[in-house]
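Remarks on the structure that follows.
Coordinate-derived values only; no laboratory data. Predicted, not measured: the structure shown is a model, and the values here were computed from it. Cβ placement follows ideal geometry from the backbone for every residue including glycine, while neighbour counts extend to all protein chains displayed.
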Amino acid sequence: MTDGDQSLSRIEDVAEYWDQRYGARLWPSEPDTILVSLASELMAGTALDLGCGTGRNSVWLASMGWSVQGVDISQVGLSQASRISVDAGVTLSFLRADILEFEPEPGLYDLVVLANLHFPQSSAHELFARVQTAVAIGGHLFVIGRHSDSARTAEECALNRFYSEERLESLFPAMEVLEIGRVPGRGGYPSKDVDKVYLWARRSDS
């Protein structure tokens, strides 16, 4: 099997996994409350929602006047997102792509959102580098995900998929960190008593 064949097989496996997850039940339609509180203060512009899933953040941003590109590997998730956007009366673009391979246009987006994307550090390094360059000068980056303290197995710890405050700040050296915070789990889906950590940052011209 060639490297290309292996890559295609991985993409198909990941897509099938998320297609099954999104098709198994209803997913939340409300946007991340931290994103709402932070982005509500911004003037609407262009936004990129990486790993948009069923579109809860994308649709909210579009309802606030943003021109949104949602990207996800799951066609099932994107189909649900499209239906939700129609029901909400908003227009936005959705693209099916592998997040780890997707290359956003540099400097294009006034806001980039990465919500609940948990890749092993070895796989995510280049992704995070591309994310930083996708943010326009003066634009903002929002990242939220499981806190590293929530790792429950040795394998989860070894993969280093989750975030600490220190790791989040170190992943995006080109960004000016405006706020880092921890969100305690409250029980029930989607938090399931799992703490999350978020980063709010801006790309300066220095």
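Things worth noting here:
- Residues of segment 97-116 with amide N under 19 Å of the 7 Å Cα→Cβ point at Asp205: 106-111
- Between Ala97 and Glu12, the contour length at 0.36 nm per residue exceeds the alpha carbon distance by 29.5 nm.
- When peptides 123-135, 95-107 are ranked by their average number of other Cβ atoms within 10 Å per residue, the highest-first order is 123-135, 95-107.
- For Leu108 and Glu41, the FRET efficiency from 1/(1 + (r/R0)^6), where r spans their Cβ atoms and R0 equals 22 Å, is about 0.55.
- Equivalent ellipsoid of segment 17-96: semi-axes from √(5λ) of the C-alpha gyration tensor, largest first, are 21, 12, 11 Å.
- Principal axis box of segment 22-160, alpha-carbon based, largest edge first, Å: 45, 39, 28
- Under-5 Å amide H pairs with Val68, H placed in peptide plane, nonlocal only: Ala47, Ser93
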